[in-house]
Each structure stands twice: as C-alpha cells, then as structure tokens.
Ligand SMILES: CC(C)(COP(=O)(O)OP(=O)(O)OC[C@H]1O[C@@H](n2cnc3c(N)ncnc32)[C@H](O)[C@@H]1OP(=O)(O)O)[C@@H](O)C(=O)NCCC(=O)NCCS
C-alpha cells in the first residue's frame, strides 16, 4: 500500500504529453491498470461505504479490479489507458454490460476470496446498479479512474474522448453512474445529463445515473446540451 498511497503530483505539460498516448489497453498492462484504478477509487465515497472500516480496502480494490479486467472487461477491447497507465477508462459494448450467469459462476470463487465479509454488500450494490440500468442499446462507462498524482490535469476528460467520438459517429447513446457531484459536473461537460439520483442503500452516498445522447457532427468535449431534470432518489437498495 505504500506505493498505492504515493501522491507526488505531476505537472500539466507532462499530463498533456501523457494524454497524447491514450489508446486501447494492452492486456499485458492489466496489473498496472488495476493498481491505477485502486489508487483512484481508494477514497471514493461509494467504495468507502461498500468496503467500510477495512484497512485492506486498497489491496481489495486492486485485486477486484484485476479480476474484473481479466474475466469481464478486457475481452470487450474497449478499455483505454495511457503509456504510463496514468488513468483507465473501462467501457462495455452495447448489449454487453450485463454479467451473464456463466460469468457470475466464473467470478464467484475469487470474489469470495477477495471481498470476504463485504461480499453481501458488494452483491447488493451490483444488483441495485443492474436494476437501474437502461435497456436501450448504449456504450456503458463501467469505470473511469485517474491516478491521484495525475488528477485535475485533463486526463479524465481525454480518456472519455475515444468512445464518445464512436458514440457520435455511430449515433449510439452512452450511460454511466456518477459517484459524486464533482464527477457529475465533469460528465455534464462531456454531454451527459443526470436522469436519476439513487443510492446503493440506507446511509449510502448519493449517485446519479447519467445518459448521453449522441451528437453527430460534434467533437467530443464540445459544450453539452441543457441538463435534463434529475429525479430525486426514489428507491433504496434495501439494507446497507
Ligand atoms: C473523476 C476523474 C476520473 C477525473 O479525471 P481527472 O483527470 O482528474 O479530470 P480532468 O482533469 O479531466 O477534469 C477535472 C474535473 O474532473 C472532476 N473531478 C472529480 N474528482 C476529481 C478529483 N479528485 N481531482 C480532479 N478533478 C476531479 C471535476 O469535475 C474536475 O473539474 P473541477 O476541477 O472544475 O471541479 C478522477 O479525478 C478520478 O479518478 N477520481 C477518483 C475516481 C472517480 O471518482 N472516478 C469517477 C467515478 S464516477
């Protein structure tokens, strides 16, 4: 964890150079990507709620991300990163976001080992996310994380660009769940509008389901359309 918590920052011109290297992720970079995602989400309010009061949260996140990258996400070949693995964007293809029963079976033993006593809450969280998932075909941003040393220098927005350009070219919507008001603002700047506020359970922090209609002819990153009305949290996930 010492390595995971090294927060020495980098400068803006280094970040611009790094953004120029964004491309589809090489499977050989999987362990480094898991580490980057774990560093990015270590203090995330939703993960802190799900894996509460556990000093091993960083290691758990790293192992969990590695498992999901290996068994689910990377086979879709829409995971993006940079040369130094400064950030990672994990997208799922239209119609491919749902974890099938066969995939669940393959994941189960490792999930028990990794999440231990937290597993029931992890599974309830996944069930809430699945219940609220739109059925219309779309690209799904499963995770976007930038290493804390690189945050706030444009990399997160740059990592969204390849798939948002695809969405506009193919006239396909995109969907995601934002885990904080600050993240929600970032996504609004990239054309998403919040459709619903929700929580994973009682006492869990608020999240927002966000939808982006394709904008043919727009460069990704152009100003978004006016935000749609946000439905307040109506449902809870049951017990926390
Ligand atoms: C959210 C995140 C991917 C954005 O990447 P980034 O490279 O820091 O973002 P950019 O430099 O392109 O854009 C900055 C904007 O991102 C958003 N943002 C959210 N959390 C941020 C953070 N910890 N640091 C910097 N920007 C953050 C803000 O809207 C910010 O704009 P602001 O400074 O005017 O508030 C990154 O900060 C991160 O990994 N955060 C932790 C994990 C996370 O919350 N992921 C998203 C889950 S929905």
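Bear in mind that the values in this text are calculations on the coordinates, not laboratory data. Computed from a prediction, not measured in an experiment: that's the story for all the values here. All Cβ positions, glycine included, derive from the backbone under ideal geometry; neighbour counts span all protein chains shown.
Here is how the number arises for the chain: DSSP H runs of 4 or more residues each give -39500 (n - 2.57), the sum is divided by the residue count, and the result at 222 nm is -11500 deg cm²/dmol.
Across the chain, C-alpha contacts under 8 Å between residues 6 or more apart give a mean separation that, scaled by the residue count, equals a relative contact order of 20 percent. The label point for residue 126 and the one for residue 202, both projected 7 Å from the Cα toward the Cβ, are 2.5 nm apart.
Given their separation in residues at 0.36 nm each and the Cα-Cα distance between them, residue 70 and residue 12 gain 17.7 nm when the chain is fully extended. For the chain, the mean projected area of the C-alpha convex hull, equal to one quarter of the hull surface, is 12.7 nm².
Reported to the nearest whole Å, the Cα centre-to-centre distance from the stretch 121-171 to the stretch 68-85 is 13. An ellipsoid equivalent to the stretch 71-144, defined through the eigenvalues of its Cα gyration tensor, has semi-axes of 22, 18, 12 Å when rounded to whole angstrom and sorted largest first.
How do 24-33, 11-20 rank on mean C-beta neighbours within 10 Å, highest first?
Numbers: 24-33: 15.8, 11-20: 14.0.
Highest to lowest by the protection proxy: 24-33, 11-20.
Model label sites at residue 171 and residue 135, defined 7 Å from Cα along the beta-carbon direction, differ in position by 2.3 nm. Between residue 83 and residue 182, the contour length at 0.36 nm per residue exceeds the Cα-Cα span by 33.0 nm. A simple spin-label model places pseudo-atoms 7 Å from Cα toward Cβ; at residue 218 and residue 103 they are separated by 2.8 nm. Paramagnetic label reach from residue 56 (point 7 Å along Cα→Cβ; backbone nitrogen cut-off under 18 Å): within the stretch 34-48, residues 35, 38-39, 42, 48.
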